[in-house]
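Peer 1: This is the structure I have questions about; it appears just below.
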Amino acid sequence: MDVLIVEDDDAMASALEAAVVSAGHNSSRVSRGADALLGHRRFGVILLDLGLPDMDGLEVLRKLRQVTDVPILILTARDDERSVVLGLRSGADDYLVKPVKLVELLARIEAVTRRAARSQDTRQRLIKLGELEVDLERRVAVLATQDLPLTATEFDLLALLASHAGSVVTREQILDSLWGDAFVASSRALDVHLTGLRAKLGLPGFIINVRGVGYRIEAGSA
């Protein structure tokens, strides 16, 4: 797999490259957001630092999400909730706070790529729940003829819940399905993506919180 590292700190970039190569992947590094936007196309995963010298990393993330669904992990020294939430809402698949634990980094890369591979292998299916249609082949969700502007992770979350409409999907099942490992994935990341999905759906009570267990969409709702 080809991994693009977008990091302006030479020491951090070298450590990330060494870890990626040690896991058997190919690694390329750029230090500017503009270079990432120009050269992202051939990569299977992008590691994106939010503190870049030429433009804000969140803006790079938003622009990448306009043109690609490739898994993106954000790396940030900003150990604050706001940056993490903004990154996840802008389309990041997961995040790591620097200094990065390299074993955790490799586990996160493996998890998001497994999820992406499963998404690509999805057979053609169309789920209809009232006025909501979820097309798993085209990865499009339509509510009352209006396409919903979902991020890749928000779509995967909706597709999972819709596929099990009428049944409770546990938080652990969601984390394992979307991120590949319920213990590696961040529970906070799930909360952010769920909040974003609910806001874009605009359907109060559509995704029901089953306290202490998980979430459920009622069959035939919407």
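Peer 1: Only one of (1) part of a loop (DSSP other than H, G, I, E, B); (2) of a type outside the set (S, T, N, Q); (3) closer than 28 Å to LEU197 by Cβ is not met by GLY24, so which one is it?
Peer 2: (3)
Peer 1: Shifting gears a bit: Of all residues in the stretch 68-82, which are open to solvent by 10 Å² or more (accessible area, probe 1.4 Å) and over 18 Å from LEU150 (Cα atoms)?
Peer 2: If the condition is that a residue be open to solvent by 10 Å² or more (accessible area, probe 1.4 Å) and over 18 Å from LEU150 (Cα atoms), then ALA77, ARG78, ASP79, ASP80, GLU81, ARG82 are the ones that fit.
Peer 1: Kindly indicate whether any position in the stretch 145-167 is touching a helix residue (DSSP H, G or I) at 6+ places or on another chain (Cβ under 8 Å), more than 23 Å from VAL210 (Cα to Cα) and β-branched (Val, Ile, Thr).
Peer 2: yes
Peer 1: Can you pull out every residue in the stretch 51-67 that is within 22 Å of PRO149 (Cβ to Cβ) and either open to solvent by less than 30 Å² (accessible area, probe 1.4 Å) or out of contact with any Gly (no Cβ under 6 Å at 6 or more places or on another chain) (or both)?
Peer 2: Selection gives ASP56, GLY57, LEU58, GLU59, VAL60, LEU61, ARG62, LYS63, LEU64, GLN66, VAL67.
Peer 1: If you go through the stretch 16-30 one residue at a time, do you hit one that is in contact with an Asp or Glu (Cβ under 9 Å, 6 or more places away or on another chain), of a type in the set (Val, Ile, Thr), farther than 21 Å from THR151 by Cα and open to solvent by 40 Å² or more (accessible area, probe 1.4 Å)?
Peer 2: no
Peer 1: Specify which of the listed residues (THR122, THR170, THR151) is open to solvent by less than 60 Å² (accessible area, probe 1.4 Å), more than 13 Å from the chain's Cα centre (by Cα) and modelled with pLDDT of 85 or more. If you could, list the steps in order and put the result at the bottom.
Peer 2: Details: THR122 fails: modelled with pLDDT of 85 or more; THR151 fails: more than 13 Å from the chain's Cα centre (by Cα).
Residue meeting the stated conditions: THR170.
Peer 1: Within the stretch 188-199, can one find any residue that is within 20 Å of LEU105 (Cα to Cα), open to solvent by 60 Å² or more (accessible area, probe 1.4 Å) and either part of a helix (DSSP H, G or I) or touching a strand residue (DSSP E or B) at 6+ places or on another chain (Cβ under 7 Å) (or both)?
Peer 2: yes
Peer 1: While we're on this one: Give all pairs with beta carbons closer than 8 Å in which a residue from the stretch 59-84 that is in contact (Cβ under 8 Å) with a residue 12 or more places away in the chain and assigned to a helix (DSSP H, G or I) meets a residue that is among the hydroxyl-bearing types (Ser, Thr, Tyr) and open to solvent by 10 Å² or more (accessible area, probe 1.4 Å); count only pairs at least 6 apart in sequence or on separate chains.
Peer 2: What qualifies is LEU61/SER90; ARG62/SER90; ARG65/SER90; ARG65/THR151; VAL84/TYR95.
The values are calculated or read from the model by the stated rules, or taken from the named source; none is laboratory data. Because the structure is a prediction, the values reported are computed rather than measured. Please note: Cβ atoms are built from the backbone with ideal geometry, for glycine as well, and neighbour counts cover all protein chains shown. These area figures cover heavy atoms from the full protein model, side chains too; ligands, DNA and RNA do not enter into them. Shrake-Rupley method; radii C 1.70, N 1.55, O 1.52, S 1.80 Å.
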